Amino acid sequence: MSTLNKSSSLNNCTKLPLPSHDQMTSTHNNVVDEIQSQPFDYSKRAQWLRAAVLGANDGLVSTASLMMGIGAVKHDVKAMILTGFAGLIAGACSMAIGEFVSVYSQLDIEMAHIRRNKDLEEEEREKLPNPLQAAAASALAFSIGAMVPLLAAAFIREYRVRLGVVVAAVTMALVGFGWLGAALGKAPTVRSAVRVLIGGWTAMAVTFGLTKLIGSSGL
């Protein structure tokens, strides 16, 4: 009897329904669709995106404006390059220090919040801002942006051609940075690129015009 019972149990086990290939495929597709349908939280990119894109734009606009300003009163390529290089170093240091202080202040606030709520998960602690990382990203991005007008003017001796090349290079970089920042942040790309471009042109024009005016007045 025990042998018959065992045989019957084995037969019952073998009769359990197994999922078909189509059912397994359908389940897999449903899981994939569910994962893909979940919206990506672009706010997670906010910290490094802000430091990188704003740093690059600041480096590009401020260095180009300095070079255009000195180019309004001095036609020497050496003076223009030295001015741009000094602006790169000073701006990168300023951006790094400012970003470090700002993010460190944010870190202090969030650490105080964690100490008041000791039951926060470890995942929340891992999301804390990194001041050194933000400072390095800001300084690097500023330097990359500042290199655009420097490289554009470095090998051109003719004064008018040099100014035109700098403006053209900065224009393309402004459009690129504006588009990149908007694309990564899922914002309107054309509007962002135009806004960044107009801002950069305005900064260069104002710096060039005022420096030219002061230089021609003999001050």
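By how many nm would the segment from K74 to V194 lengthen if fully extended, with 0.36 nm per residue of separation less the alpha-carbon distance? Please list the in-between numbers first.
Numbers: separation 120, 0.36 × 120 = 43.20 nm, distance 3.05 nm.
Between K74 and V194, full extension yields 40.2 nm more.
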Estimated inter-spin distance, S94 and R115, nm [label 7 Å along Cα→Cβ]: 3.4 nm
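At R0 = 45 Å, how high is the FRET efficiency between L213 and D108 if r is their beta carbon distance? Nearest 0.05 is fine. Please list the in-between numbers first.
Values: r = 45 Å, r/R0 = 1.01.
Plugging the Cβ-Cβ distance into 1/(1 + (r/R0)^6) gives 0.50.
At a Förster radius of 25 Å, what calculated FRET efficiency corresponds to the Cβ-Cβ distance of Y159 and T202, to the nearest 0.05?
Details: r = 23 Å, r/R0 = 0.91.
So the FRET efficiency works out to roughly 0.65.
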Likely footprinting exposure, F142, F208, fewest C-beta neighbours within 10 Å first: F208, F142
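Among F177, F100, rank each residue by its count of other Cβ atoms within 10 Å, from fewest to most, as a rough exposure measure.
On the way: F177 27, F100 18.
Ranking F177, F100 by Cβ neighbours within 10 Å, fewest first, gives F100, F177.
Read-outs throughout are calculated quantities, based only on the coordinates presented, and are distinct from any laboratory measurement. Fair warning: this is a prediction, and the values are worked out from it, not measured in the lab. Note: ideal-geometry Cβ built from the backbone for every residue, glycine included; neighbour counts use all protein chains shown.
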